[in-house]
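What follows draws every value from the coordinates through simple rules; no lab data is involved. Every value quoted in this text rests on a predicted model; they were computed, and no experiment measured them. For neighbour counting, all protein chains shown are included, and Cβ atoms are generated from backbone atoms with ideal geometry for every residue, glycine included.
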Amino acid sequence: MRPRPNILKILLIAIPLTVVAVVFSYWDDSDNRLQNIREAGVIRVLTRNAATTFYENQGTPAGFEYQLAKGFADHIGVKLKMIPVVGLEQIFYKLEQGDADFAAAGLTITEQRHKRMVFGPSYMKIKQLFIYNRRLTQTMNSIESLIGKRIGVMANSSHAELLSALQQNYPKLEWKESRDLETFDLLEQLADGQIDATVVDSNEFYANRAFYPDFRIALSAGKPVPLAWAMFRDPANEPLRQEMEVYFKTIQENGKLARLIDRYFSFSERQSFLSTHTFMLRMEDRLPEVKGMIEQVAIEYDMDWRFLAAISYQESHWEATAKSPTGVRGMMMLTRATAEELGVEDRLDPMESLRGGARYFKKLLARIPSGVEQPDRGWFALAAYNIGLGHLEDARVLTEKNGGNPDLWKDVRENLPLLRQAKWYKTTKYGFARGDEPVRYVQNIRHYYSLLTWDELNRYRIPPPKIVSDYLPEALNRSFLAF
Ligand code: GLU
């Protein structure tokens, strides 16, 4: 028998190699995305440019999804890189390619998506609304009334999935899916009459409603659905998903999530159409006259001009000679006593009035207790501007008594109106006050402020690139959900 030295040699090499490979695969952390993220020191988050997700506000990143993602990046101790894309297809494509770690883009957890994606914990539930333009079409209030209409939705969206499900029972229901459009664009198409109806998430609808006073809800489809962050379905993502659970549990328990939801989604739903409509008119006819002055004073006092503009609109509707029967006057409606205290000689001089108001606001802001963080500090200072620091402090004491957090506007806001009831105000230091007024006051200013912000964003928004499907490679042309 011939000796078989080669086998021995092979074994001598192969065995240690196998051992090394096994040890390496055991230690190899390439299958743990969370660990990779920590090592890289940065987390890459896909998002969409929308009122409810991510946008730039005077050069600073902002938006609900941005704030949540920033909190998560801080939680795991890494930097945050937001990657905005146009349309949902790009989100799923890039996740699959590993170009990002997860997507924070107002995504709905759906049955179809579960096949390719895993989701973090849901942070919010929304309704899916069919909407139409009442100026251009007859009332729609049922699925039957949508049949034969030009319905447009984003391709790969939960809305397209919803329509497919409805089509089982309503075979004549038809719609068009666009891969290169964002919610912004669909709303514009509905306003122009290029489509008759679309589907939007309720949070986006309310965030944009002020700009489209003719839009109406035809119907709300099914039960509220959960939104969550999405990752590609891969065991390597499991530690990351678990860490998201820890993070969301923390912000749920410490109230941060509720605060963010309140900050981004609460006001527009409550605001009346009429006040919004008047505001939009005044933005066209009066604001241009006073904007330069407001900007100038805002620079002097290191304020956001839109914030000062929102206050002066609430005070005087931007009328320099405004007077009220109670004796307050001018752009910022200062009382005689406040004007004296602030050194304002002529309350009807718009620059003097704006300067006085800005100085007063900053003075109050500095006196808000240090435990109150922005943006709540601003709301507290506004409430004090309206009702005085003493009553505001009383309301904070009541808030604590009633189990709320006196450093959160959303809790103090609930308790301020109690200052009207003897049962409550007799226990306080400064007594009775019309505590519901500062609540409305702050709510209005927040609303005007958001309208001014959104007006700017919409005016200067760079339109998305137009994708011409015919020229795209076949792989890109596939619908994600069709795999
Ligand atoms: N929630 C929607 C989805 O998951 C996207 C947001 C929107 O279209 O407004 O498809």
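Overview of results
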| item | result |
| --- | --- |
| ASP349, ASP411 arranged by Cβ crowding within 10 Å, fewest neighbours leading | ASP349, ASP411 |
| Computed lengthening from GLU96 to SER324, 0.36 nm per intervening residue step minus Cα-Cα distance | 75.9 nm |
| The chain - share of DSSP beta bridges that are antiparallel (%, nearest 5) | 60 |
| Sequence of TRP318, TRP454, TRP229 once ranked by neighbouring C-beta atoms within 10 Å, starting from the fewest | TRP454, TRP318, TRP229 |
| Amide N proximity, region 162-194 versus SER142 label position 7 Å along Cα-to-Cβ, cut-off under 16 Å | 169-173 |
| When the convex hull of its Cα atoms is projected in every direction, mean area for region 191-350 (nm²) | 16.0 |
| Sequence of GLU315, GLU340 once ranked by neighbouring C-beta atoms within 10 Å, starting from the fewest | GLU340, GLU315 |
| Under the Karplus curve 6.51 cos²θ - 1.76 cosθ + 1.60, θ = phi - 60°, whole-Hz ³J(HN,Hα) for region 223-236, x wherever Gly or Pro sits | 7, x, 10, x, 9, 7, 7, 10, 10, 5, 6, 6, x, 5 |
| 0 to 90° range, to nearest 10: angle between helix 183-192 axis and the chain longest Cα axis | 60 |
| Exceeding the 31 Å Cα-Cα cut-off - candidates LYS176/LYS249; LYS79/LYS125; LYS70/LYS291 | LYS176/LYS249; LYS70/LYS291 |
| For region 398-414, Karplus couplings with θ = phi - 60° (6.51, -1.76, 1.60), whole Hz, Gly/Pro x | 4, 4, 5, 4, 8, x, x, 9, x, 9, 10, 4, 5, 7, 5, 4, 5 |
| Within region 136-172, trypsin sites (Lys or Arg not before Pro) in DSSP loop having at most 12 other beta-carbon neighbours inside 10 Å | LYS172 |
| Angle in degrees between helix 238-253 and the longest Cα principal axis of the chain, rounded to the nearest 10 | 20 |
| Net charge of neighbours whose Cβ lies under 12 Å from the Cβ of GLY404, counting Lys and Arg as +1 and Asp and Glu as -1 | 0 |
| Reciprocal mean inverse distance between Cα atoms of the chain - Kirkwood radius, Å | 25.8 |
| Within-10-Å neighbourhood charge of PHE215 [Cβ basis; K, R +1; D, E -1] | +3 |
| Estimated distance in nm for a label pair at ALA191 and LYS70, the labels positioned 7 Å out from Cα along Cα-to-Cβ | 2.7 |
| Nearest-ten-degree value, helix 350-367 long axis tilted from longest Cα axis of the chain | 60 |
| Lysine pairs in region 323-428 with Cα atoms under 30 Å, if 8 or more residues apart or on separate chains | 12 |
| Counted charge near THR427, where neighbours are those whose Cβ lies closer than 10 Å (Asp, Glu -1; Lys, Arg +1) | +3 |
| Gain on full stretching of the segment that runs from GLU289 to ARG38 - 0.36 nm per residue minus C-alpha separation | 85.2 nm |
